[in-house]
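Let me begin by presenting the structure, written as structure tokens, before commenting on it.
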Amino acid sequence: MTQRTDTERLEWIARTPNFLLEVIVDQPEDGSYMDMAHDHAYTGRTFRSAIDAAMDAEERG
């Protein structure tokens, strides 16, 4: 995974059709984030890590 800026993440979100972000909180201290991009779900402990997971998958093809 490469270091990305928030601007790079926002630009990626803007050009991704049907992008969806869901915040999942079972317990306030135990939340996670899930995003849907290109018909796949990616999760992470932070918003940035969830977006990075989707971007990494796109880069791998």
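Do you know which residues across the range 7-33 are at pLDDT below 90 and among the small types (G, A, S)?
Within the range 7-33, G31, S32 meet the criteria.
Mind listing whichever residues of the range 1-21 are polar (S, T, N, Q) and under 15 Å from H40 (Cβ atoms)?
Applying the first criterion (polar (S, T, N, Q)) to the range 1-21 yields 2-3, 5, 7, 16, 18.
Within the range 1-21, T16, N18 meet the criteria.
Scan the range 51-61 residue by residue and report those that are assigned to a helix (DSSP H, G or I) and open to solvent by 70 Å² or more (accessible area, probe 1.4 Å). Explain how you work it out, then say what you get.
Step one: list which residues in the range 51-61 are assigned to a helix (DSSP H, G or I), which gives 51-60.
Those that are assigned to a helix (DSSP H, G or I) and open to solvent by 70 Å² or more (accessible area, probe 1.4 Å): E58, E59, R60.
If we keep just the residues of the range 34-50 that are closer than 16 Å to R15 by Cβ and surrounded by 14 or more Cβ atoms within 10 Å (Cβ to Cβ), which is modelled with the highest pLDDT?
Top of the filtered list is M36.
Restricting the first residue to the range 2-24 and requiring it to be surrounded by 10 or more Cβ atoms within 10 Å (Cβ to Cβ), which pairs with a second residue that is of a type in the set (S, T, Y) and outside any helix (DSSP H, G or I) meet a Cβ separation below 9 Å and a spacing of at least six or different chains?
Within 9 Å, the pairs are L21/Y33; E22/Y33; V23/S32; V23/Y33; I24/S32; I24/Y33; I24/T43.
Which pairs do you get when a residue that is more than 16 Å from Q3 (Cβ to Cβ) and without any contact (Cβ under 8 Å) to a residue 60 or more places away in the chain, found in the range 39-50, comes within reach of a residue that is of a type in the set (A, V, I, L, M) and surrounded by fewer than 14 Cβ atoms within 10 Å (Cβ to Cβ), reach meaning Cβ atoms under 7 angstrom, with the pair 6+ apart or on two chains?
If the second residue must be of a type in the set (A, V, I, L, M) and surrounded by fewer than 14 Cβ atoms within 10 Å (Cβ to Cβ), the pairs left are H40/A57; Y42/A57.
The values are calculated or read from the model by the stated rules, or taken from the named source; none is laboratory data. All of these numbers come straight from a predicted model, not from anything done at the bench. Positions of Cβ are generated from backbone atoms using ideal geometry, with glycine treated the same way; all protein chains shown enter the neighbour counts. Ligands, DNA and RNA are stripped out before the accessible areas are found, and what is left, the full protein with its side chains, is counted by its heavy atoms. Shrake-Rupley method; radii C 1.70, N 1.55, O 1.52, S 1.80 Å.
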